[in-house]
Amino acid sequence: MTGPAPDPSAEPSADVSEEPSEEPSDEPSDEPSDEPSNELFVVDARGERCPLPVIRLAQLVRDLPAGDAPVTVRVLATDPAAASDVPAWCRMRGQRFVGAQALQDHTAYLVEIRPTPPAAAR
């Protein structure tokens, strides 16, 4: 047997399953968790100054193939202007800014890119 034996006193505990099992995290709290097929792309704009992080993000989004599911892009930037530029770009382009996470020497901005529908036949 590779695991500990089950504790008979723990079996009737229905309260345990009702308790949320969330652990504290530095990740954004509103990150979509119900989309496991959500691909992750990374724009590494560390060391680049405004407006290059947003330009790199826009280039990546432009080159994405059309799809049915949203994709997640993580923008890595050291320029403090990205803190306002990335959310502003999302608002102007109709995309979803998920959040930012300060790391050791840069910040990671998480953006959800909604799928672009194919041109509708009229």
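The values are calculated or read from the model by the stated rules, or taken from the named source; none is laboratory data. All values derive from a computational prediction rather than experimental measurement. As a convention, Cβ positions derive from the backbone with ideal geometry for all residues, glycine included, and neighbour counts pool all protein chains shown. Protein only, heavy atoms only, side chains kept; ligands, DNA and RNA dropped before computing areas. Shrake-Rupley method; radii C 1.70, N 1.55, O 1.52, S 1.80 Å.
Numbers at a glance
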read-out	value
Looking only at the range 104-120, and only at residues there that are among the aliphatic types (A, V, I, L, M) and surrounded by fewer than 10 Cβ atoms within 10 Å (Cβ to Cβ), the one that is modelled with the lowest pLDDT	A120
Members of the range 92-113 found to be outside any strand (DSSP E or B) and over 13 Å from A58 (Cα atoms), listed by number	L103, Q104, D105, H106
Every residue from the range 37-93 that is within 14 Å of the chain's Cα centre (by Cα), within 20 Å of L103 (Cβ to Cβ) and β-branched (V, I, T)	V42, V43, T72, V73, V75, V86
Residue ID - nearest to I113 (Cα to Cα), chosen from residues in the range 47-86 that are open to solvent by less than 20 Å² (accessible area, probe 1.4 Å) and part of a helix (DSSP H, G or I)	L57
